[in-house]
Amino acid sequence: MASYQILPFLDLLQKELLLFASLAFLLGAVDDLLFDGLWMFHGLKRRLFPRSALAPATVENLGATPTECRMAIFVPAWKEAPVIGAMLQRCLGQWTSSGYRIYVGCYPNDPETVAAVAEASIGSGQVRIVMCHRDGPTTKADCLNHLWDALCRDEIEERSNFAAIILHDAEDIVHPDALTLFGHLIGKAALVQLPVIPRRAKGSRWVAGHYGDEFAELHGKQMVLRGALGASLPSAGVGCAFARDGLHKLAAQTQGKPFDANSLTEDYELGLHLIGGTRRGIFARLRDRHGQLVATQEFFPDRLEDAIRQKSRWMVGISLSGWDRLGWHKGWCENWMRLRDRKASFAAIVLAIAYVSIILTGALQLADIMGGYRAQPLSVALRWLLLLNAVFLLWRLSMKCYFVFALYGLREAILSVPRTIVANLINIMAVWRAFGQYIDQLSGSPARWDKTSHFFPAAQDVKQLRPQYTADKGD
């Protein structure tokens, strides 16, 4: 009897949770719909009023990279022995120019990674191992600051400055034309970001696959429109080049440390700090001679635990700490973009509430079938809210399918629909972990490199990693 006495309370709770989640979803849907409308208007304008009829179709049409454009590639490495060697060998093998140097940051207590880097760079003078002063893990930003210090010392000794600093991770599959594209654009912007294309292991269709769904839309639509609106472009941390003079000016304001070691998303923050006023960022979408995007590919986490850990780090750095560390901007467009960046944590909480209301709905339906309790009907207003949200959900899934289809094909586009549930559950679990990390951070706990395990494909498999991206002709 006692179990039936609680059912009226559960009925009321289900209605209240459903109402709250529906209103929150509606606000988010209106925001997304406005963004989608602007993106479609931008695409239509580009087709009706192209910038130039003689715009280059491929990277090869840009010509040779300026000879004075030396570039430094920063690769922070902690416990990366399984992947760093193959990544370096691929870069050294595909870049015949001597106008670059790869700085790899290692730790004294990680001799395996040091040995892997040394072995991969035998016979090449383009790789420089930089040892951090403290045992790892510190933070990725701390490692990058050590690389910056090494670069500055080299510039003084060689009496020659680099034009750009490029960030990559140890597991990145770097495009052969990336340096050429960076060389042509870095003189025009403080930041140049290439698209990032997640790949997945064959056995991780759901966990690793959801990254592809998210990045297909993020780098196929959101970053494109962000640049078109003149808002700042956050760095993805890989496949991005920073103008050397911009980093130098920032370092002069931060005691010689351009990367904030107290941040868990130093790459995201750096992009926002560098761009503003007359300085601009470029999200570069251009094709190679094979018709494929010049992009950075990498295998994202394929285990649930690793995905939750990575997503929680992003939420802490962007959604939670971003409010404290970056604040807001005086321009409406910039504030809108920052709000969209920071709503991830709130959206995950709303999703959790929605799933609880669904579970309660099922429990009440079961009680009705058993004849123990008949739930109160939904109000007319709530029914309309649910109907509107259902329409907006179909629109949102359609947009996701479009971008996933353009990047990965029909099969992955179909899978992206059920993978939405997987992505939601990962985000819900990540937000609770993120709140715990954020509270620890507020209490004074030092930030640490909470990295995930990585994978790099065998050399013979890299040629198979060409996604068929056909969504647009490039910018």
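Taking K and R as +1 and D and E as -1, what net charge do the other residues with C-beta under 10 Å from the C-beta of residue 32 add up to? It would help to have the intermediate numbers written out before the result.
Numbers: positive: 340, 396; negative: 31, 36.
Neighbour charge sum, excluding residue 32 itself: 0.
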- request: Give me the compactness ratio for the range 111-262, meaning the Cα radius of gyration over 2.2 N^0.38 Å.
  value: 1.17
field: Mean separation of Cα contacts under 8 Å (6+ apart) over length of the range 110-209, as relative contact order %
entry: 12 percent
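Only Lys, Arg, Asp and Glu count, each charged at its Cβ (+1, +1, -1, -1), so figure out the dipole size of the range 262-402 about its Cα centre, rounded to 20 debye.
Dipole of the range 262-402, to the nearest 20 debye: 480 debye.
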message: Quick one: 3J(HN,Hα) in Hz for the range 254-266, Karplus 6.51/-1.76/1.60 with θ = phi - 60°, rounded, Gly and Pro as x.
response: 10, 6, x, 10, x, 9, 7, 5, 8, 9, 8, 10, 4
query: Which ³J(HN,Hα) values, rounded to whole Hz and listed in residue order, are derived for the range 377-394 from phi using the Karplus coefficients 6.51, -1.76 and 1.60 in 6.51 cos²θ - 1.76 cosθ + 1.60 with θ = phi - 60°, glycine and proline given as x?
result: x, 6, 5, 4, 4, 5, 5, 5, 4, 5, 5, 4, 5, 5, 5, 5, 5, 4
query: Of the listed peptides 175-182, 290-297, 378-385, what is their order by residue-averaged count of other C-beta atoms within 10 Å, with the highest listed first?
result: 175-182, 290-297, 378-385
statement: With R₀ set to 45 angstrom, the calculated FRET efficiency between the beta-carbons of residue 439 and residue 46, to the nearest 0.05, is 0.50
query: How large is ³J(HN,Hα), in whole Hz, for each residue of the range 24-40 in order, when computed from phi with the Karplus curve 6.51 cos²θ - 1.76 cosθ + 1.60 and θ = phi - 60°, using x for Gly and Pro?
result: 5, 4, 5, 4, x, 5, 5, 4, 5, 5, 5, 5, 4, x, 5, 5, 5
- request: Compute the long axis of helix 332-342 from its Cα atoms, compare it with the longest principal axis of the Cα atoms of the chain, and write down the angle in degrees, 0 to 90, nearest 10.
  value: 80 degrees
task: Starting from the exponent 0.38 and prefactor 2.2 Å, build the expected Rg for the range 80-162 from its residue count and divide its actual Cα Rg by it.
output: 1.10
- request: Could you please state how large a percent of the accessible area of the chain is carbon and sulfur, counting protein chains only and using a 1.4 Å probe?
  value: 62 percent
query: Based on the Cα coordinates of the range 358-455, what is the per residue volume of their convex hull in Å³?
result: 222 Å³
task: Can you tell me the alpha carbon radius of gyration of the range 189-295 divided by the globular rule-of-thumb value 2.2 N^0.38 Å?
output: 1.19
message: If packing is taken as the average count of other Cβ atoms within 10 Å, what order do 309-315, 370-376 fall into, highest mean first?
response: 309-315, 370-376
query: When the dipole is taken about the Cα centre of the chain, and only Lys, Arg (+1) and Asp, Glu (-1) are charged at their Cβ, what size is it in debye, to the nearest 20?
result: 1180 debye
message: Defining a contact as two alpha carbons under 8 Å apart and six or more residues distant in sequence, what relative contact order in percent does the chain show?
response: 22 percent
- prompt: For the chain, what is the accessible area per residue in Å², given a 1.4 Å probe and the full set of protein chains?
  reply: 47 Å²
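Can you give the helix-only mean residue ellipticity at 222 nm for the chain, where every DSSP H stretch with n ≥ 4 adds -39500 (n - 2.57) and the sum goes over all residues, rounded to the nearest 500 deg cm²/dmol?
-17000 deg cm²/dmol
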- prompt: Which shape class, rounded, prolate or oblate, goes with the chain when its Cα gyration tensor gives a ≥ b ≥ c as root eigenvalues, a/c under 1.5 marks rounded, and past that a/b bigger than b/c marks prolate?
  reply: prolate
query: What are the aspartates and glutamates whose alpha-carbon lies under 14 Å from the alpha-carbon of residue 79, with same-chain residues fewer than 8 places away excluded?
result: 110, 112, 135, 169, 171, 450
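The values are calculated or read from the model by the stated rules, or taken from the named source; none is laboratory data. Values in this document were obtained by computation on a predicted structure and should not be read as measured data. Counting neighbours? That spans all protein chains shown, and the Cβs are built from the backbone with ideal geometry, glycine included. Note: accessible area is taken over every heavy atom of the protein model, side chains too, but ligands, DNA and RNA are not part of it. Shrake-Rupley method; radii C 1.70, N 1.55, O 1.52, S 1.80 Å.
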